[in-house]
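Down below is the structure, laid out as C-alpha cells.
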Amino acid sequence: MSFLARVYERARRAKLRLVLPEADYDPRVRDAAARIEREGIARLQALDGDRLPDCIRLLRTRKPDKFPTDAAAAEALEHPLTFGACLVGIGAADLMVGGADYPTADTIRAALWAVGTAPGIATVSGAFYMIDAKDDRVLTFADCAVVPEPTSAQLADIALATARDRRRIVGDEPVVAFLSYSTRGSAAGPRIDRVRAAVADLAGRTPAPDFAFDGELQGDAALVVDVAARKAPGSPVAGRANVLVFPDLDSGNIGYKLVQRLGGWVALGPILQGTARPISDLSRGATADDIVNTAAIAILQAREG
C-alpha cells in the first residue's frame, strides 16, 4: 500500500468532521467534497448559521481588542474562512481546509483568531510532504510557505511543529536536519550563526525534544550516508534525515519545487502546522485531487502524539 493510500485509510478510520468553507461556490471544492463524502474520508460540516452566536462569543473572548462588539465579530464571520475556523474553535468541527479562493494570509489569520498556536509553538509554518514515486520514500520540507526570514526561535518552532506532525502523518520517528550552506563550521557568517542558534534554542526547550536533530548541515550531509561520514562524523542525524528545516522561505520554496519538477517527486502541501487544531491552507491553483489529499493529511494532524 502506498503512502497516500495509507493516509486515506487512516483518515477514514478517524471519522472526523471537516469544514470546507468554499464548497458552496467553488466547483473544485464541491467536487472534492463529493469525493470525500463518497469515499468516507471525513464527515462534512457545513457553515451552519445556527452556530453564529457561538462563533461571535469565541472571537470576542479570544480577541477582545480586535472584536470589542458583537457587530465587529459578526462582520469578521462574513468571511467563510473565519467562519469555518471558528466552527473548529467552538468544537462543531474537528478541522478546516480552505483557501482555494483566498490568499494564505487569510487562512492563517482565521486560524490564529479561532484556535491559536499549539502549546510550546509560537510560529505557524507550512510543510510539504515529498514522495519519491520510485520507492515511496517520504521527506518533509519546512518552512516552504509562510515565514520569509525566520529567526532562530522561529526555526526551532518550525522544527518542533514539523517533527510532531511527521509522527502523526507519516507514522515514523522524525530525524531533523537544520540545513545551511555550511556543515558543522565549514563556513562562517551570520546566516550560519542563526541556524546554530536555532539548534541551541530547540535543545534548551522544556520539555526536551524527544527526537533526533542536528545542524548546521548541508543537504548532502543530511541525506547521504557516505558524505555524512566525512563531513559530520558522529552526528545523530547526518545521512539519515527525513525532516529538512530550511533556513529561509526562499530556499525552502525553491528546494521543494526543484525536487518536484526535476526529481519527479510528488509534493503534498503546503500543510499548515503549528496551530492548536488543524486549519489547512490550499493553493489558489489547487485541483479537486489536491484538496482531497490535503484534507486527508490534515485529518491525521488531529491525532495526538
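The values are calculated or read from the model by the stated rules, or taken from the named source; none is laboratory data. Predicted model, so just to flag it, every value in this text is computed and none were measured. All Cβ positions, even for glycine, are placed from backbone atoms using ideal geometry, and neighbour counts span all protein chains on display. In case anyone asks, the SASA skips ligands and DNA or RNA and just uses the protein heavy atoms, side chains included. Shrake-Rupley method; radii C 1.70, N 1.55, O 1.52, S 1.80 Å.
For the reader, a short list of remarks on this structure follows.
- Scalar couplings 3J(HN,Hα) for the stretch 123-134, obtained by applying the Karplus form with A = 6.51, B = -1.76, C = 1.60 to θ = phi - 60°, are 10, 8, 9, x, 10, 10, 9, 9, 10, 7, 4, 6 Hz; x denotes Gly and Pro.
- Ligands, DNA and RNA left out, the accessible area of the stretch 188-294 computed with a 1.4 Å probe is 55% carbon and sulfur.
- Remark: the Cα gyration tensor places the stretch 117-156 in the prolate category, a/c being 1.5 or greater and a/b exceeding b/c.
- The chain - Cys residues lacking any other Cys C-beta under 4.7 Å: 144
- Global size of the chain as Cα Rg and Dmax, reported in angstrom: 19.6, 63
- Estimated vicinal HN-Hα couplings, Hz - the stretch 89-98 in sequence order (Karplus 6.51, -1.76, 1.60; Gly, Pro = x): x, 8, x, 7, 9, 9, 6, 10, 10, x
- Relative contact order %, the stretch 227-300, counting alpha carbon pairs below 8 Å whose residues are six or more apart: 18 percent
- Calculated accessible area for the chain comes out at 42 Å² per residue, all protein chains present (probe 1.4 Å; ligands, DNA, RNA ignored).
- Since only 87, 40, 286 are under comparison, the one whose Cα sits farthest along the positive direction of the charge dipole of the chain, derived from C-beta charges on Lys, Arg, Asp and Glu, is 40.
- Here the chain is treated with +1 on each Lys and Arg Cβ and -1 on each Asp and Glu Cβ, and its dipole about the Cα centre works out to around 600 debye.
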